[in-house]
1. Please specify each residue of the range 181-199 satisfying the condition of being among the aromatic types (Phe, Trp, Tyr) and closer than 17 Å to Leu106 by Cα.
2. Evaluate the range 191-204: report whether one residue or more is outside any helix (DSSP H, G or I) and open to solvent by less than 10 Å² (accessible area, probe 1.4 Å).
3. Considering only the range 146-167, I want to know if a residue exists there that is in contact with a His (Cβ under 9 Å, 6 or more places away or on another chain), free of Cβ contacts under 8 Å to residues at least 60 places away in the same chain and aliphatic (A, V, I, L, M).
4. Which condition from (1) crowded, with 19+ Cβ neighbours inside 10 Å; (2) closer than 18 Å to Val19 by Cα is the one that Pro225 breaks?
5. Considering each of Thr134, Thr78, Thr129 in turn, give the residue that is more than 14 Å from Pro153 (Cβ to Cβ) and crowded, with 17+ Cβ neighbours inside 10 Å.
6. Of the residues in the range 88-110, how many are closer than 20 Å to Ala208 by Cβ and surrounded by fewer than 21 Cβ atoms within 10 Å (Cβ to Cβ)?
7. Output the residues belonging to the range 154-190 that are more than 26 Å from Val74 (Cα to Cα), outside any helix (DSSP H, G or I), among the hydroxyl-bearing types (Ser, Thr, Tyr) and in contact with a strand residue (DSSP E or B) (Cβ under 9 Å, 6 or more places away or on another chain).
Amino acid sequence: MTAWLATNLVAAALLPPLVLVILLAAGLILNRRHPRLATSLILLATTALYALSTPWVGGMLLKSLEISPPIRSVDLQTADAIVVLAGGSYHDAAEYGGDTLNSISLERLRYAVRLHRASGLPLLVTGGTPRGGTLAEGRLLQQVLRAEYGIAPRWVEDAARTTWDNARLSAPLLKRDGVRRVALVSHAWHLRRAAPLFEAQGLSVIPAGIRFSSIRIDSILDLLPTPAGLRDSSFALHEWLGILWYKLRSFVA
């Protein structure tokens, strides 16, 4: 848990919005002794905040992560199973009387159910408790599948704290039952990082992405800062940082 927390604190300091706050604070601190440097830092932070908060820039960053179009029925026919990656939970949800899935996990689960009903393929759900909580995300996925869709997953992995763990801990469960090719369900911007990790475990992966991004400018509003735009940019930069981290770790190993 300590290593996970340290990794995420470092990541937070390198990503918006915290990195922009750090740049602004540095500019204010240096303003008296180094006014030109301070002005440059403040302008950089302000410009980056504006650009990263626009839906267009956020969409372009997310689009840069996509590795495949939506899965086709013919591709699904070659899979042995469907793997669903948890994306987080909603702790102490008063309206549900405890922990439940967050919106990211629910979006992935809903699409996995669609694929399951179209193909009859068995489901594996995976996710631990990286952010705490009373139940692992894998168990929450299992609960929602049973209670709201009437479907029981064949495999439940509930110890993973990272995407690397998702792959490392899920692969033995699948291989034990003869599964070699999986449809991997996650957000389209997450699969560039997730798919190679499952392939490194000896599985063949068919990306089954959701929420594909648009880079069109449909109106002037796409060029105005919004909370959703900053969220999308943060998601994308987090993924690219994660990809770089995994590559560095593999190189060192």
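The values are calculated or read from the model by the stated rules, or taken from the named source; none is laboratory data. As the structure is a prediction and not an experimental result, all values here were calculated from the model. Glycine also receives a Cβ, built like all others from the backbone with ideal geometry; neighbour counts cover every protein chain displayed. Accessible surface areas use protein heavy atoms only, side chains included; no ligands, DNA or RNA. Shrake-Rupley method; radii C 1.70, N 1.55, O 1.52, S 1.80 Å.
1. Trp189, the sole residue that qualifies.
2. Yes: one or more hits.
3. The answer is yes; a qualifying residue exists.
4. In the conditions (1) crowded, with 19+ Cβ neighbours inside 10 Å; (2) closer than 18 Å to Val19 by Cα, Pro225 misses (1) alone.
5. So the residue among Thr134, Thr78, Thr129 that is more than 14 Å from Pro153 (Cβ to Cβ) and crowded, with 17+ Cβ neighbours inside 10 Å is Thr129.
6. Total satisfying the criteria: 7.
7. If the condition is that a residue be more than 26 Å from Val74 (Cα to Cα), outside any helix (DSSP H, G or I), among the hydroxyl-bearing types (Ser, Thr, Tyr) and in contact with a strand residue (DSSP E or B) (Cβ under 9 Å, 6 or more places away or on another chain), then no residue fits.
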